[in-house]
Amino acid sequence: MEKVLIWDLPTRAFHWLLVVSLIAQYVTAEWLDNAIQWHFYIGYFTLFLITFRVMWGIIGTEHARFASFVKGPRAVWGYAKTLFDKDSPESLGHNPLGGLFVIVMLLLVAVQAISGLYMTDDVFLDGPYRQLADEETLAIMSTIHHVAFDALLYVIGLHIAAVVFYTIYKKQKLVPPMIDGAKETRDLGIFHSRMRLALAVAIVAAAIVYVAIEVYPPTPGAGEYYYY
Ligand code: HEM
Ligand code: HEM
């Protein structure tokens, strides 16, 4: 057995930045007064993270690619049946059930961030897409922004419970590889993190988000009210 690189640095950075961003989103919406402008900015950053991860899931390194971990119902069910076996072999990347979970989490965060674009704090700030929608759509988006976060909390709770379950019950340590990227295995790992490609992907993702929130909305900044 040898320690080899499984999770590239961009995927690991994505993960921990997502964790920090979601905590910051909660804090700026629920705990701090007058922090909604920060809530918007961090929301845009979260959109960037998701856009990056979707692109990285297509052209990133082996275990980061959706094609390597998104499996059909048969594989997911087959794996689920072995979930409580203590000696089931460790997956190199995400296991089929975990892969499904990853997609659910990414989708929920995307829905949360996109619905935020239609939100208002009812006082000073409107999300950039607020002018684009009619009252009915705005009401739906507001409901989604509240409900999706509750759903996200359950899913994140399950995610962390699963990681603890793997660590304690199955004796498979998943957290250290999400930090240093390495797993002990007889298989070959990836050879490098493809940082130059990741930088190019990050630039394109940032450009997409910039266009989506600054260029595309017809009257940028409209609906923003200031103190006089
Ligand atoms: C806001 C909270 C969190 C969210 C939204 C989240 C989301 C995610 C996502 C999307 C992935 C897939 C990574 C990828 O392929 O890009 C993932 C994997 C992972 N997360 Fe989290 N995570 C959260 C908190 C945590 C915490 C607190 C831990 C540590 C206890 C953790 C440990 C892991 C591990 C070990 C994996 C890899 C699982 C595997 O080996 O298949 N996560 N998480
Ligand atoms: C993934 C990213 C996001 C997360 C996790 C998130 C989370 C939250 C949460 C937990 C609340 C409080 C809901 C409640 O009181 O029940 C909230 C409210 C809000 N969010 Fe977000 N949000 C995100 C993105 C955004 C974005 C991108 C915008 C706008 C551009 C936005 C604008 C708002 C506004 C205006 C409120 C209402 C604040 C108030 O009640 O005054 N959010 N968000």
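Here are a few things to note about the model shown:
- Of residues in the range 44-85 being without any contact (Cβ under 8 Å) to a residue 40 or more places away in the chain, in a helix (DSSP H, G or I) and open to solvent by 70 Å² or more (accessible area, probe 1.4 Å), the one farthest from ligand 2 (Cβ to nearest atom): 74
- Some residue of the range 161-173 being within 14 Å of ligand 1 (Cβ to nearest atom), in a helix (DSSP H, G or I) and open to solvent by 60 Å² or more (accessible area, probe 1.4 Å): yes
- Residue list for the range 117-131, filter: within 6 Å of ligand 2 (Cβ to nearest atom), assigned to a loop (DSSP other than H, G, I, E, B), touching a residue at least 40 places away in the same chain (Cβ under 8 Å) and open to solvent by 30 Å² or more (accessible area, probe 1.4 Å): 121
- Qualifying residue in the range 100-108 (condition: more than 9 Å from ligand 1 (Cβ to nearest atom) and open to solvent by less than 50 Å² (accessible area, probe 1.4 Å)): no
- Any chance residue 30 is of a type in the set (D, E, K, R) and within 22 Å of residue 113 (Cβ to Cβ): yes
- Single residue of the range 1-43 satisfying the filter (aromatic (Phe, Trp, Tyr) and in a helix (DSSP H, G or I)) that is surrounded by the fewest Cβ atoms within 10 Å (Cβ to Cβ): 31
- Among the residues of the range 126-173, those that are of a type in the set (Ser, Thr, Tyr) and farther than 21 Å from residue 113 by Cα comprise 166, 167, 169.
- Any chance residue 186 is among the charged types (D, E, K, R) and on the phi > 0 side of the Ramachandran plot: no
- Selected residue (only one of 139, 161, 110 is within 19 Å of residue 14 (Cα to Cα) and either small (Gly, Ala, Ser) or in contact with a Ser or Thr (Cβ under 7 Å, 6 or more places away or on another chain) (or both)): 110
- Hits in the range 132-160 - residues which are open to solvent by 60 Å² or more (accessible area, probe 1.4 Å) and either within 11 Å of ligand 2 (Cβ to nearest atom) or not in a helix (DSSP H, G or I) (or both): 134, 143, 146, 147, 150, 153
- Checked against (1) more than 13 Å from ligand 1 (Cβ to nearest atom); (2) without any contact (Cβ under 8 Å) to a residue 60 or more places away in the chain; (3) outside any helix (DSSP H, G or I), residue 88 meets all criteria but (2).
The values are calculated or read from the model by the stated rules, or taken from the named source; none is laboratory data. Owing to the predicted nature of the structure, the values given are computational and were not obtained by experimental measurement. Every residue, glycine among them, receives a Cβ derived from its backbone with ideal geometry; neighbour counts consider all protein chains shown. All accessible areas refer to the heavy atoms of the entire protein, side chains included, with ligands and DNA or RNA removed. Shrake-Rupley method; radii C 1.70, N 1.55, O 1.52, S 1.80 Å.
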